[in-house]
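Scroll down for the structure; my scribbles are underneath it.
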Amino acid sequence: MSVFSHSDFAGHEQVVFCHDRHSGLRAIIAIHNTKLGPALGGCRMYAYPSEADALTDVLRLSEGMSYKSALAGLPLGGGKSVIIGDPKTAKTPELLQAFGRALEQLGGRYITAEDSGTSVADMATIASQTRHVVGHMSEHGSHGDPSPSTAYGTFVGLRYAVQRHLQRDSLQGVKVAIQGLGNVGMRLARLLHEAGAELWVTDVDSTRLQQAHQTFGAKLVDLQQIHACPVDVFAPCALGGAINPHTLEQLQAKVIAGAANNQLAQAELGQTLHQRGILYAPDYVINAGGIIDVCYQHQGHYDAGKVRTHVEQIEHTLKHIFDLSEQQQRPTNLVADELAKAKVLG
Ligand code: NAD
């Protein structure tokens, strides 16, 4: 496994490999860029098939965090961490505490938060060893969990993309396929249902599927078919790579607007989407609600009204990107990357 010559390493300031023999911790912390502030990004726990897969994931995610915070107008840099292991079987308080001690040694250059496979309760355990963690307490009026803000931002961005691309002023009757009904996807489903949208959903967890069916009247779809549903919007809200050459071929939606990170398996697919007249809301722009929320938590003066107003700015950021994409006849993901790189690296 190469690190310095890894195709996703370029631009990273620091990559730290953490190991604790006693608890079995194996983690990687990637700090992409700290020009705008300390690197803040979630901690993902996942049973990666290999260490190389974990490294690729953390490098891609940390770079994305730099761009996400920059375009969300936050005084933060980009970083991310991954703990290698199945969260259902390998997660112990000792392992999380060891991870917390590793964070403390970085002196605040990287601040962690919850992500897939970790929870608000896990952040509290990590916080027993370090100050450099957010998303774990209710002081300052914060609930800790960034997912509601992520879901709300995704909803705001999806609604704007539909208005812009499909000329629909309301979500009433708009058909949306949601891939993944987790912390974000289920909340997004609720917001869409309340706005009158019709839902198609899938998840590996049958309990969540039943909940969405009973609560929102959602149609249940096979895991392998969710991208091919006859809908207006495809909302990837599970893991990355939802848009790949195979799924793209079968996609019927005219708008892609979801919360998952790294939705495009390859950046070049943005060009194909553009050519096919499918409007793609860049993932790290539309899912910035969570980082906005944890930024206010980190600053220590959490105000739910201010957070909501800041999250609603996602619509304006998307408008700017969609305007430039139209004017320049270039894919939205490339336009977003250029805007973000100018802020982070320029
Ligand atoms: P989560 O782990 O709570 O939910 C993911 C859901 O996807 C689970 O219900 C899981 O069962 C389901 N799933 C897993 N594999 C699937 C598959 N192949 N097909 C369909 N469903 C599948 O995670 P989350 O917090 O809801 O985050 C979802 C996505 O949004 C992730 O990519 C995450 O990185 C991204 N994101 C989350 C936040 C946040 O605030 N939680 C912020 C920004 C981005």
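The values are calculated or read from the model by the stated rules, or taken from the named source; none is laboratory data. Just so we're clear, the structure is a prediction, and the values are computed from it rather than from any experiment. No Cβ is skipped: glycine too gets one built from the backbone with ideal geometry, and neighbour counts run over all protein chains shown. Areas reflect the complete protein model, heavy atoms only, side chains present, ligands, DNA and RNA absent. Shrake-Rupley method; radii C 1.70, N 1.55, O 1.52, S 1.80 Å.
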Which lysines, on any chain, are close to K319 with Cα under 20 Å apart, when same-chain ones fewer than 8 places away are left out? K68, K254, K341, K343
Report the calculated FRET efficiency for H320 and Q250 (r = Cβ-Cβ distance, R0 = 41 Å), to the nearest 0.05. 0.85
Per residue, in Å², the accessible surface of the chain once ligands and nucleic acids are set aside, probe 1.4 Å: 41
Dividing the helical contributions, -39500 (n - 2.57) per DSSP H run of n ≥ 4, by the residues of the chain yields a 222 nm value, nearest 500 deg cm²/dmol, of -13000 deg cm²/dmol
Whenever you get a sec, line up E63, E326 from highest to lowest accessible area (probe 1.4 Å, protein heavy atoms). E326, E63
Probe 1.4 Å, all protein chains present, accessible-area order of S170, S325, largest first: S170, S325
Roughly speaking, to the nearest percent, how much of the range 189-320's 1.4 Å accessible area is carbon and sulfur? 49
From most to least accessible, 1.4 Å probe, no ligand or DNA/RNA atoms counted, H19, H246, H165 line up as H19, H246, H165
Given H placed 1.01 Å from N in the peptide plane, which residues other than close sequence neighbours of W200 have an amide H under 5 Å from its amide H? V176, A177, I178, K219
How much of D169 can a 1.4 Å solvent probe reach, expressed as accessible area in Å² and rounded to 10? 140
Take the solvent-accessible surface of the protein heavy atoms, probe 1.4 Å, and return the percent of it on the range 1-133 that carbon and sulfur atoms account for. 50
